[in-house]
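Student: Can you keep this structure in mind? I'll have questions shortly.
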Amino acid sequence: MKNGAGDINFHKGGVVEKMKTSKCHRIMPALIFVVLLTGCSWSKGDIMWGVASTVATAADGYTTIRFLNNPDNYEMNPGLGRHPSDEQVILMLATTQGISLALAHFFPKLRPWLLGGKTIVNTSFAIHNYQLDWDKE
């Protein structure tokens, strides 16, 4: 990851490549469409929160993986351990997003709170990871 100041690994084996080749990149869109296309109606606001929380989750995953590519850095989430693989990070975030979307689907009155809260949490983590990683440069 750290080939120079501000380098992002887009080459084969880099963060973006791993996110593209991960099986989770196929699971998330499929899960979103299944939830949104089933019998329960989602308002435009609900859909916006669903998309926002998914984007925030992806940003959290990207910044986490980028941060952890430096061997001096470590993960604070005890569920992942200190040095999780990129795949473990992606799988954990895809799973939590899937569970959140499923809960929002089955509990429509909680959708704005659940998805809005998840958006805030994942955005906060992404900003935190970004600040930690880019402050070192």
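The values are calculated or read from the model by the stated rules, or taken from the named source; none is laboratory data. Note that the structure is a prediction, hence the values are computed from the model and not measured. For neighbour counting, all protein chains shown are included, and Cβ atoms are generated from backbone atoms with ideal geometry for every residue, glycine included.
Student: If a residue must be more than 13 Å from Val51 (Cα to Cα) and either in contact (Cβ under 8 Å) with a residue 12 or more places away in the chain or in a helix (DSSP H, G or I) (or both), how many such residues does the stretch 90-113 contain?
Tutor: Initial filter on the stretch 90-113 (more than 13 Å from Val51 (Cα to Cα)): 90-96, 99, 102-103, 105-110, 113.
Checking which are either in contact (Cβ under 8 Å) with a residue 12 or more places away in the chain or in a helix (DSSP H, G or I) (or both) leaves us with 90-96, 99, 102-103, 105-106, 108-110, 113.
Here the count works out to 16.
Student: Looking at Glu75, Glu87, can you tell me which residue is in a helix (DSSP H, G or I) and of a type in the set (Asp, Glu)? Walk me through it before giving the result.
Tutor: Working: Glu75 fails: in a helix (DSSP H, G or I).
On inspection, the qualifying residue turns out to be Glu87.
Student: May I ask you to list the residues in the stretch 43-72 that are among the small types (Gly, Ala, Ser) and either in a helix (DSSP H, G or I) or at pLDDT 90 or above (or both)?
Tutor: Gly45, Gly50, Ala52, Ser53, Ala56, Ala58, Ala59, Gly61
Student: Counting only residues that are more than 16 Å from the chain's Cα centre (by Cα) and crowded, with 17+ Cβ neighbours inside 10 Å, how many does the stretch 44-68 have?
Tutor: The qualifying residues number 1.
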